[in-house]
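The values are calculated or read from the model by the stated rules, or taken from the named source; none is laboratory data. Fair warning: this is a prediction, and the values are worked out from it, not measured in the lab. Cβ placement follows ideal geometry from the backbone for every residue including glycine, while neighbour counts extend to all protein chains displayed. Note: accessible area is taken over every heavy atom of the protein model, side chains too, but ligands, DNA and RNA are not part of it. Shrake-Rupley method; radii C 1.70, N 1.55, O 1.52, S 1.80 Å.
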Amino acid sequence: MKPLRIELPDGSGRRFGQSHHVRAAVALAGVAVALTAAAVGLRVANADEVLPGTRVAGIALGGLSQDAARGRLATAWSEDRSVTVIAGKQRVTVHAGDVAFRLDAAATAARAVRAGRHGPLAGLGSEAVALLRPRDVQPVVAVDRRRLAGIVAMLARGADRPSFPGALSIDRETRRVDVAAPRAGRVVDRPSAEAAILAGLRRGSRTAVTLAMRTAAGPRLRDVRRVARQARSYLARPLRLTGVGDPVTVTARQLAALLDVRPVAGSRDRRVRLGVKPGGVAGLVGRIAARRDRAAVNARVVARGAAATIDEKLDMSWRARRADVEVVPARGGRRLQRASAAAAIDAAVADNRHLVRLAVRSAPPAVSTGAARLARRLIGTFTTYYDCCQPRVTNIRLIARAVDGAVIAPQGRFSLNAVAGRRTRTKGYVPAPFIADGELVPSVGGGVSQFSTTMYNAAYFAGLDIDSHQPHSVYIARYPPGREATLDYGSIDLTWTNDTEVAVFVRASSTPTSVTVSLYGDNGGRRVRAQSGPRQPLAGRDFAITVTRRIRYRGGRIVRQPYITRYDTPPVDE
């Protein structure tokens, strides 16, 4: 039997022959008994306290009661913790507050009291070992897992290098197919990254943590070459697309720009197939849609005769009148479903099919022919006048043409600025006087407020809900006082709501000296009266006037809507 060597605490050692084995064993047993006895003594002495040698993140807690340990942790634990994280070429410092990382002092203190009191012989062995070296206890912490995962995801986006599945390069003329070899990638191991960041925050150290990367395997070169052979075979026939009118033929030359290597969705071994380039097929579908989509056309009404001329500037009453109108039928539209069409083409290429029916969705008109046939009444109309041949007349007649034919569905909202659009030189609008802060200044599109006033009065006497309008700052004699509305694109609009059960059709027409707005629909027989109060002089200003709109609905209900307008001085001719 070989001699037995025993290392002594001072680093020296002695060899014992066979005759010494028994004495060595007895000595070792004695040490164990002594340590165990000491552990028993410590357990008795520290029955409700943290065992000696216990630490949490370097904070010594041995000999403390649970409450005292909790207090020391709350005092000594620094919340200003951070860890520097390295992911690829990125170096980011993550602070405790970034992920709501905080210590649960009470739970950690309870864990520290329990430490060393479990295992063989009720933990006496581990207590004995603790006499020779400290015992480290992991702190109990709380963290916002969603925010931590978000930080790791952000780091991964900058560090990940996805695998490259390979690619096809196809000559459009010769149809020769070459391949680019696939490559493996590497990605951040997100679970281990989260664990590493938490460990660094627990330690409280500012040392850097390098996130572990794992290999993202790519497909095999032979699989990419198999896809290339499939591409050569597929190019032998054109692709035909139906469902959008006349069939569309995608030639081999066009297909050569579309075919590519595509990963098989959900395949763990990174299998690949023949497919189409997402950007290329989206462009193809977009070009087809541009030629084959057809917008729906709303039904509209055309008045056979001229509308009644209403131009009263003072008090007046109005009720809807039956109109001689012709209904131009609506027409349905169609729209190619682009995403599903691209997916259908990709699936056909993958399945070696050369015929695809594209999905098309019908686009019904907002106002049907039947709905238009209900609009048989002239519910509101108004005419205003101007002197011929001024620049502002050009602008008034242009905006009238832009608004003519507008259709507002039941409960729909009309916005004059939205329908007419911005007034620009490219549309033909010219500079003309415009009131700004009580003064006349030249502005492209100046004068269109006269059309706004005309539209306002037509909607006013139709009894429709007027949502927003703004009178001029000064009174203009050609308009009804208190019944007028200015207009400025981007800042001042005229809006009203069709609060009837029938669509409202707008007809706007102009002559060299007048503009008329007529509204056709069915307002349920509303009777509207405008009642003007006296002009009230205002100190430092021109005057104020109250105009009350009185609406009598079918059934006898009456609604009064007073509106006060205050005008500055002096009067200005627009």
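Total residues in region 459-475 satisfying the condition of being within 40 Å of the chain's Cα centre (by Cα), surrounded by fewer than 23 Cβ atoms within 10 Å (Cβ to Cβ) and of a type in the set (A, V, I, L, M, F, W, C): the figure is 1.
Do we find a residue being in contact with a helix residue (DSSP H, G or I) (Cβ under 7 Å, 6 or more places away or on another chain), over 30 Å from LEU336 (Cα atoms) and either in a loop (DSSP other than H, G, I, E, B) or free of Cβ contacts under 8 Å to residues at least 12 places away in the same chain (or both) anywhere in region 199-207? No, region 199-207 contains no residue that is in contact with a helix residue (DSSP H, G or I) (Cβ under 7 Å, 6 or more places away or on another chain), over 30 Å from LEU336 (Cα atoms) and either in a loop (DSSP other than H, G, I, E, B) or free of Cβ contacts under 8 Å to residues at least 12 places away in the same chain (or both). The single condition among (1) under 30 Å from PRO219 (Cβ atoms); (2) surrounded by 15 or more Cβ atoms within 10 Å (Cβ to Cβ); (3) not basic (Lys, Arg) that ALA330 does not meet is (1).
Here's the yes/no breakdown for (1) open to solvent by 20 Å² or more (accessible area, probe 1.4 Å); (2) in contact with a Pro (Cβ under 8 Å, 6 or more places away or on another chain); (3) free of Cβ contacts under 8 Å to residues at least 60 places away in the same chain:
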{"residue": "ILE379", "(1), (2), (3)": "no, no, no"}
{"residue": "THR383", "(1), (2), (3)": "no, no, no"}
{"residue": "CYS389", "(1), (2), (3)": "yes, yes, no"}
{"residue": "VAL403", "(1), (2), (3)": "no, no, no"}
{"residue": "ALA409", "(1), (2), (3)": "yes, no, no"}
{"residue": "THR424", "(1), (2), (3)": "yes, no, yes"}
{"residue": "LYS427", "(1), (2), (3)": "yes, no, yes"}
{"residue": "VAL430", "(1), (2), (3)": "yes, yes, yes"}
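For region 476-486, the set of residues classified as touching a His at 6+ places or on another chain (Cβ under 9 Å) and open to solvent by 10 Å² or more (accessible area, probe 1.4 Å) consists of THR486 only. Out of all the residues in region 424-435, is one or more under 33 Å from the mean Cα position of the chain (by Cα) and over 29 Å from LEU314 (Cβ atoms)? Yes; the residues of region 424-435 include at least one that is under 33 Å from the mean Cα position of the chain (by Cα) and over 29 Å from LEU314 (Cβ atoms).
Kindly evaluate VAL261 against the criterion of being of a type outside the set (S, T, N, Q) and closer than 28 Å to PRO162 by Cβ. Taking the combined requirement at face value, the residue satisfies it. May I ask you to verify whether THR369 is at pLDDT below 95 and either open to solvent by less than 70 Å² (accessible area, probe 1.4 Å) or in contact with a helix residue (DSSP H, G or I) (Cβ under 9 Å, 6 or more places away or on another chain) (or both)? Criteria met by THR369. Taking ASP324 as the residue in question, decide whether it is of a type in the set (Asp, Glu), within 30 Å of ALA458 (Cα to Cα) and open to solvent by 30 Å² or more (accessible area, probe 1.4 Å). Criteria met by ASP324. With respect to the conditions (1) within 18 Å of THR454 (Cβ to Cβ); (2) outside any strand (DSSP E or B); (3) open to solvent by 30 Å² or more (accessible area, probe 1.4 Å), SER509 falls short on a single one, namely (2). Of all the listed residues (ALA195, ALA156), the sole one being open to solvent by less than 70 Å² (accessible area, probe 1.4 Å), free of Cβ contacts under 8 Å to residues at least 12 places away in the same chain and outside any strand (DSSP E or B) is ALA195.
Checking the structure you have, find out if any residue of region 163-183 is assigned to a helix (DSSP H, G or I), open to solvent by 70 Å² or more (accessible area, probe 1.4 Å) and either at pLDDT 90 or above or more than 16 Å from VAL276 (Cα to Cα) (or both). No - not one qualifying residue is present in region 163-183.
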